[in-house]
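Participant: Mind having a look at this structure? Questions to follow.
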Amino acid sequence: MLRQGSLLAVLVALLVFVAQESGVSCDRAARVLRGVSSGRVWKTLKGQEPVVIARGGLSGLFPDHTSSAYQVALNNSLPNVVFFCDLQLTQDGGNICRTDLSLENSTNIADIFKDRKNTYMVNGKNITGWFAIDFTAEEILSKVLAKQALSSRPSAFDNLPVLPVEGVDVLSPPALWLNIQYSKFYEEHNLSTIQYVLSAAKSISFEYISSPEVDFLRRIRRGLRKSKSKLVLRFLDKKDIEPSTKQAYGTLLNNLTLLKSYASGILVPKEYIWPLSEGYINTPTTLVQDAHKAGLEVYASDFAVDEFGMSYNYSYDPVKEYLQFVDNPEFSVDGVLTDFSVTASEAIACYAHNKKNISSISGKPLIISNNGASGDFPGCTDLAYQAAIKDGADYIDCSVQMTNDGFAICRESPDLIASTNVLSDSSFYPSHLKEVSDIQKDKGIFTFNMMWKEIQALKPQIVSPFANDYGLLRNPAYANAGQFMTLFDFLKFAKSQANVGALINIQNARYLAKQGLDVINATIAALEKAGYGNMTDKVMIQSEDSAVLHKFRQQTTYKLVYQINLDVSVPDSTIKEIKGFADGVTLARAIVLTSSEFFLMDAENVVSRMHLNNLTVFIFRLRNEYPTLAFDYFSDSTMEINTFVNVAKPDGLFTEFPATANAYLKNTCRQPTRNSEYSMFLVEPGALLAAMQPAVVPPPALAPAFTDVIDPPLPSVSVASPTPASTPSQNSTSAKSGQPNNSCHFTATMVFSCFILALINWN
């Protein structure tokens, strides 16, 4: 075994060797070595860590191929991150890095040169736009500015200079990947990509050179015989025709040995490896294994959740998608081409090779489900609650609604339209459609106007909050799966689970009391029947009505949580008032980390101030879909969790995707004994504002002070005339008061209610 000094000498010698052989600086070679010396064995071709290839830099946030995009990728990705540049040639033989052949989508060229629009035949198709071959390099580099090409990404960083290849190289990337997408097109216009690459390679080290054209790779291979550059064939859609061989790209895969004669690797769309069927992944192909047997490296492309989408299997968690390609039992790709290199880096460095049941570090925040695992299954159903526990939730939650015949049930909202198929049931719609202004401004079909038996005849429906505007459906194969649950069924299930608590959210108690429905007594009765009542029971009662919590404090010993789901600021005087009736507070995300126009503005100290008053603090609520995330999080829900945990330091997180939060809490980058040069990127609220021009900085996030805390006492429950009893579920029984089996608890405030109940039942 080598001693420490001997090992250091070997590493230094290896560093010098890599630098000499590749013609790069020692600093650049050192970064490459650090990136492949993690000690973990991977199922890549050579057993090394997969590389992260930043397409145009961190192009998921900044305009691609700009210095800002590359610099952020360099500073916050794995040490061996690869810079990817799409080569375009100009009229005078100059060059720029731009992805699309037509430049108007990613630059302001159409505004600067309005009359220079043109149409060209490219691979058999007419394309109209502004092309680099119609301009000199000086015209583009001095007058044209880059902008974000996708409307889903921020425009606040537009108007950055366009870079030539030399401008990318001067940033000292650990490795540079040059992609030549349109060699044949340039040759048709008397410009040679071959000549450019051979000339540039004398002063620039290209670790990778790729093209979708076989002829280009064969010719450049002859010119770069002494170069260490890896040549990579880039595959387009399987049905597209490769211009040199006139074969479909899917057909080219039938002879990997032939590919090896002119390339050292292949770059393929990710569906070549994990094909999809109706949005779900199928059995993987054997492409990676077959290519590795032929001596070819395999790189996967199209990783950008906000552009290319992802399989429903990943629950809109991009970390899970990367792991499917780099850390599954059968294979690992040799690299991923991504618009979000930071997320790919955290997946490889912090999540991969973490199959053991590693406990999260002490002091972790609690994971509290939001309607169960409602990101994957219809909320408040047996499947959603089962999944939440399987996915690592510490508490499962039930928002209590009341039926017309007195059953306390778990539903996201009293309005059944979004969470059931009630609109497709002619027996209820439109006859049950009502306007209840005390509950919401829109008409609805409400639980308190329906019998429990009627609700049971419906089907649950998964709620996809970003379906209409963004087309992001949640798990459509299970859109109507699962069974509705009464509060008692929910509590009995929670009680049977080891170390799992129950959080009960009380909604609309005032309105229900006016309808003769006592949601508070119904909840207490269900808790007692399910076996709760000890001081040690893991039960929390939550409400946005302080009078509800006052009443529970009078009658029970459960922990009480006050919910503030408004965009407000919370002064110290309000915190002291809350302490008078609650043990904890649930805060909307925007209260803790303020934002404006999807940019984080600041981190309020509200959590620490509440902790000073001995109040537990929960954050409400986390989702995985990118439209819910501030741009600062790079479309990655894990980065939001990491920011809340390390910046705000709450005691718990409400989430519709418990598996994502649980995986974060157990990732190896959080282990205190871990020794690594990579740390998970930590978002600093407000940091991105400094990268903007003053004219586009969002206005401050001004929120009104929240002072209206103490609610008036709840109205008395006006007992209505008895309703004919419906057939109860097999596991649930209830009377009009909501008390199972007519049970009655004789506390001082309840004697009169129980007396009335007894009269009703006697009659």
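The values are calculated or read from the model by the stated rules, or taken from the named source; none is laboratory data. If you're wondering where the values come from, they're calculated on a predicted model, not measured in any experiment. Virtual Cβ from ideal backbone geometry, glycine too; neighbours counted across all protein chains shown. Just the protein is used for accessible areas: all its heavy atoms, side chains included, with ligands, DNA and RNA removed. Shrake-Rupley method; radii C 1.70, N 1.55, O 1.52, S 1.80 Å.
Participant: How much accessible area does M485 have with a 1.4 Å probe, in Å² rounded to the nearest 10?
Facilitator: Looks like 20 Å² after rounding.
Participant: If you don't mind, another one. Counting other Cβ atoms within 10 Å, which GluC sites (Glu not before Pro) in segment 441-547 have at most 10 and lie in a DSSP loop?
Facilitator: none
Participant: Rounded, prolate or oblate: which fits segment 113-211, taking a ≥ b ≥ c as square roots of the Cα gyration tensor eigenvalues, rounded meaning a/c under 1.5, else prolate when a/b beats b/c?
Facilitator: Taking the square roots of the gyration eigenvalues as a ≥ b ≥ c, segment 113-211 is oblate.
Participant: Sticking with this structure for a sec: Please list L87, L714, L566 from largest to smallest accessible area, probe radius 1.4 Å, with all protein chains kept in place.
Facilitator: L566, L714, L87
Participant: While we're on this one: Could you give the length gained on full extension between T119 and S679, defined as 0.36 nm per residue of separation minus the Cα-Cα distance, in nm?
Facilitator: Working: separation 560, 0.36 × 560 = 201.60 nm, distance 4.78 nm.
Residue separation times 0.36 nm, minus the Cα-Cα distance, leaves 196.8 nm.
Participant: If you don't mind, another one. Using a cut-off of 10 Å between beta-carbons, work out the net charge of the residues near I417 (Lys and Arg +1, Asp and Glu -1, I417 not included). All intermediate terms of the calculation are to be shown ahead of the outcome.
Facilitator: Numbers: positive: K443; negative: D415, D442.
Local charge sum for I417: -1.
Participant: Pairs of Cα atoms under 8 Å, at least six residues apart: use those to get the relative contact order of segment 494-617, whole percent.
Facilitator: Relative contact order here is 18 percent.
Participant: Okay, next question. With all protein chains present, calculate the accessible area of Y120 using a 1.4 Å probe and round the result to the nearest 10 Å².
Facilitator: It works out to around 30 Å².
Participant: While we're looking at this one, here's another question. Students often get this wrong, so try it: which of [x] 35.8; [y] 29.1; [z] 33.7 is Kirkwood radius over Cα pairs in Å as calculated from the structure shown?
Facilitator: Only one option fits the structure, namely [y].
Participant: A further question follows. Answer rounded, prolate or oblate for segment 476-569, using the Cα gyration tensor with square roots of eigenvalues a ≥ b ≥ c: rounded when a/c is under 1.5, else prolate when a/b is larger than b/c, else oblate.
Facilitator: Rounded is the answer for segment 476-569, as its axis ratio a/c remains below 1.5.
Participant: So how far, in whole Å, is the C-alpha centre of segment 454-468 from the one of segment 219-278?
Facilitator: 45
Participant: Excluding K364 itself, what net charge comes from residues whose Cβ is under 13 Å from its Cβ, given Lys and Arg +1 and Asp and Glu -1?
Facilitator: Local net charge: +1.
Participant: Just to confirm, what accessible area per residue do you get for the chain at 1.4 Å probe, in whole Å²?
Facilitator: 42
Participant: Calculate the spin-label point distance for L150 paired with K355, positioning each point 7 Å from the Cα along the beta-carbon direction, and give it in nanometres.
Facilitator: In this crude spin-label approximation the distance works out to 3.2 nm.
Participant: Now, a different point. At 0.36 nm per residue, minus the direct Cα-Cα distance, what do S496 and A705 gain on full extension? Give it in nm, one decimal, please. If you can, show how the numbers build up before the last one.
Facilitator: Numbers: separation 209, 0.36 × 209 = 75.24 nm, distance 4.22 nm.
My answer for the length gained is 71.0 nm.
Participant: Which of the residue pairs K551/K579; K230/K293; K184/K230 have a Cα-Cα distance greater than 19 Å in the structure shown?
Facilitator: Violating the 19 Å limit, Cα to Cα: K184/K230.
Participant: Hey, another quick one. Compute, for L78, the solvent-accessible surface of its heavy atoms (probe 1.4 Å) with the complete set of protein chains present, and express it in square angstrom to the nearest 10.
Facilitator: Surface open to solvent at L78 totals about 10 Å².
Participant: Related question: Segment 605-644 to segment 61-135: how many Å between their Cα centroids?
Facilitator: Spelled out, the Cα-based centre of one part sits 36 Å from the other.
Participant: Could you work out the relative contact order of segment 281-380, using alpha carbon pairs under 8 angstrom and six or more residues apart, expressed as a whole percent? Numbers along the way, then the final one.
Facilitator: Working: 78 pairs, mean separation 25.0, N = 100.
Contact order relative to length: 25 percent.
Participant: With all protein chains present and a 1.4 Å probe, how do E188, E435, E278 order by accessible area, largest first?
Facilitator: Result, largest first: E278, E435, E188.
Participant: From the Cα gyration tensor of segment 631-670, with a ≥ b ≥ c the square roots of its eigenvalues, which class applies: rounded if a/c is under 1.5, or else prolate if a/b is larger than b/c, or else oblate?
Facilitator: rounded
Participant: Antiparallel as a % of all DSSP beta bridges within the chain, to the nearest 5?
Facilitator: Taking every DSSP beta bridge with both residues in the chain, the antiparallel ones total about 30 percent.
Participant: What number, in percent, do you get for the relative contact order of the chain if the mean sequence gap of Cα pairs under 8 Å and at least 6 apart is divided by its residue count?
Facilitator: 11
Participant: What number, rounded to the nearest 500 deg cm²/dmol, is the helix-based mean residue ellipticity at 222 nm of the chain, given -39500 (n - 2.57) per DSSP H run of at least four residues and division by all its residues?
Facilitator: Taking each H run of at least 4 residues, the total per residue is -7500 deg cm²/dmol.
Participant: Still on this structure, I have one more. Using a 1.4 angstrom probe on heavy atoms only, work out the carbon and sulfur share of the accessible area of the chain in %.
Facilitator: Roughly 51 percent, rounded to a whole number.
Participant: As a test of reading the structure, rank R98, R589 by solvent-accessible area (1.4 Å probe, protein chains only), most first.
Facilitator: Ranking R98, R589 by accessible area, largest first, yields R589, R98.
Participant: Compute the helix-to-body angle for 4-22: its Cα long axis versus the longest principal axis of the chain, expressed 0 to 90° and rounded to tens.
Facilitator: 60
Participant: Rg (Å, one decimal) plus Dmax (Å, integer) for the alpha carbons of segment 442-514?
Facilitator: For segment 442-514, the Cα radius of gyration and maximum Cα-Cα distance read 15.8, 41 Å.
Participant: If we count every other residue with Cβ under 9 angstrom of Q148's Cβ, Lys/Arg +1 and Asp/Glu -1, where does the sum land?
Facilitator: So the surrounding residues net to 0.
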